[in-house]
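What follows is a set of notes on a single structure, which appears directly below.
The values are calculated or read from the model by the stated rules, or taken from the named source; none is laboratory data. Source: prediction; values computed, not measured. Note that we place each Cβ from the backbone using ideal geometry, even for glycine, and neighbour counts take in every protein chain shown. Remember, those area values only see protein heavy atoms, side chains included, never the ligands or the DNA or RNA. Shrake-Rupley method; radii C 1.70, N 1.55, O 1.52, S 1.80 Å.
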Amino acid sequence: MSISILLVEDDIDLAETVVQYLEYEEIFADHAFNGEAGLNLARQSDYDVIVLDVMLPRLDGLSVCSRLREDGIDVPVLMLTARGTLEDKLAGFEAGTDDYLAKPFELAELSARIKVLAKRRSGETKKLVVGELTMDLNRREAYRGEKLLKLTPTCWELLEVLMRRSPAVVSRSNLEEALWGDDIPESNSLKVHMHKLRQQVDGGSDLPMIQTVPGHGFVLRNNENS
């Protein structure tokens, strides 16, 4: 299965070398030469991974990463840097990066790290957005439009899982594991919490966002497209 990435790197020779090598690994890259162009591409397309140089013209890599997280974009970010000090790494993680690779690096290692990151979405995003539904993870507030949702801790976790996976269907067993791990309570617990969540998210609306997919599980969909 191929992987789609965005490479934001102002060193043209390095970028061309990386793009050509990754193609042999079935990793296909869009390329931007500066931070502003990279930010725009990341906002417009859905990539599996973003490979982001720290030192970029127009907008540096840390600022690009931070803005993506503020926008709720949870694509994993691999930061490239010529400086591999602890302070540099901490600054990157504070901005929301998921992994770090110091220059010069081996192309095989870059490929391996991209493949690992491509298997998951980032947990560093500050905001989740699906249609008119928004979760602010820093302030721990959720809204549908202008309405503030009153969520129990379990309903919050349930909604977060559905939003992170949207528009994919999440099975009942996956939801139960995400909420309770191996200590799953009685069989109707998920049903009770899902009912409470629906009351908050969809109560009074003619366009329900939380939908049951019989035999498969639950899905959160942007009702504008459903």
Quick one: if the Förster radius is 41 Å, what FRET efficiency do Ile12 and Leu90 give, using the C-beta to C-beta distance and rounding to 0.05? 0.90
The stretch 120-181: trypsin sites (Lys or Arg not before Pro) in DSSP loop, at most 13 other beta carbons within 10 Å: Arg120, Arg139, Arg140, Lys150
Apply 1/(1 + (r/R0)^6) to the Cβ-Cβ distance of Tyr21 and Glu157, taking R0 = 45 Å, and write down the FRET efficiency to the nearest 0.05. 0.65
Listed by chain and number, the residues whose amide H is under 5 Å from that of Val75, excluding neighbours fewer than 5 places away on the same chain and using placed H, are Ser122
By average C-beta atoms within 10 angstrom, highest first, the peptides 50-61, 16-27: 50-61, 16-27
Would you mind checking Lys127/Lys191; Lys119/Lys147; Lys127/Lys150 for any pair whose Cα atoms are more than 23 angstrom apart? Lys127/Lys191; Lys119/Lys147
So for R0 = 35 Å, FRET eff. of Ser189-Glu146 from the Cβ-Cβ r, to 0.05, ends up at 0.65
With a 1.4 Å probe and all protein chains in place, put Ser189, Ser2 in order of accessible area, largest first. Ser2, Ser189
In square angstrom, what is the accessible area per residue of the chain with a 1.4 angstrom probe? 54
Could you tell me which GluC sites (Glu not before Pro) in the stretch 156-192 are loop residues by DSSP with no more than 16 other beta carbons within 10 angstrom of their beta carbon? Glu186
Once you charge only the Cβ atoms, +1 for Lys and Arg and -1 for Asp and Glu, what is the size of the charge dipole of the chain about its Cα centre, to the nearest 20 debye? 1080
Based solely on its DSSP helices, what 222 nm [θ] is calculated for the chain when runs of n ≥ 4 H residues each add -39,500 (n - 2.57) and the sum is averaged over all residues, nearest 500 deg cm²/dmol? -12000 deg cm²/dmol
When the accessible area of the chain is split by element with a 1.4 Å probe, what percent falls to carbon and sulfur? 48
Provide, as a two-decimal number, the C-alpha radius of gyration of the stretch 3-43 over 2.2 N^0.38 Å, N being how many residues it has. 1.11
Inter-label distance for Glu132 and Leu107, nm, one decimal - labels placed 7 Å from Cα along Cα-to-Cβ: 5.0
Taking the chain as a Gaussian network, where each spring joins two C-alpha atoms under 10 Å apart, which residue of Ser205, Ser45, Ser66 fluctuates the most? Ser205
Normalised by the empirical 2.2 N^0.38 Å for globular proteins, what value does the Cα Rg of the stretch 92-178 take? 1.37
In sequence order, calculated HN-Hα J values of the stretch 134-148 (Karplus, 6.51, -1.76, 1.60; Hz; x Gly/Pro): 9, 10, 8, 6, 6, 8, 6, 10, 10, 10, 10, x, 9, 7, 6
How high is the relative contact order of the chain, given as a whole-number percent (alpha carbon pairs under 8 Å, six or more residues apart)? 14
What is the extension gain from Ser171 to His216, computed as 0.36 nm multiplied by their sequence separation minus the C-alpha to C-alpha distance, in nm to one decimal? 15.6 nm
Checked against the positive end of the charge dipole of the stretch 88-149 (+1 on Cβ of Lys and Arg, -1 on Cβ of Asp and Glu, about the Cα centre), the farthest of Ala91, Thr134, Val116 is Thr134
Using unit Cβ charges (K, R positive; D, E negative) and no other charged atoms, how large, in debye to the nearest 20, is the dipole of the stretch 45-107 about its Cα centre? 260
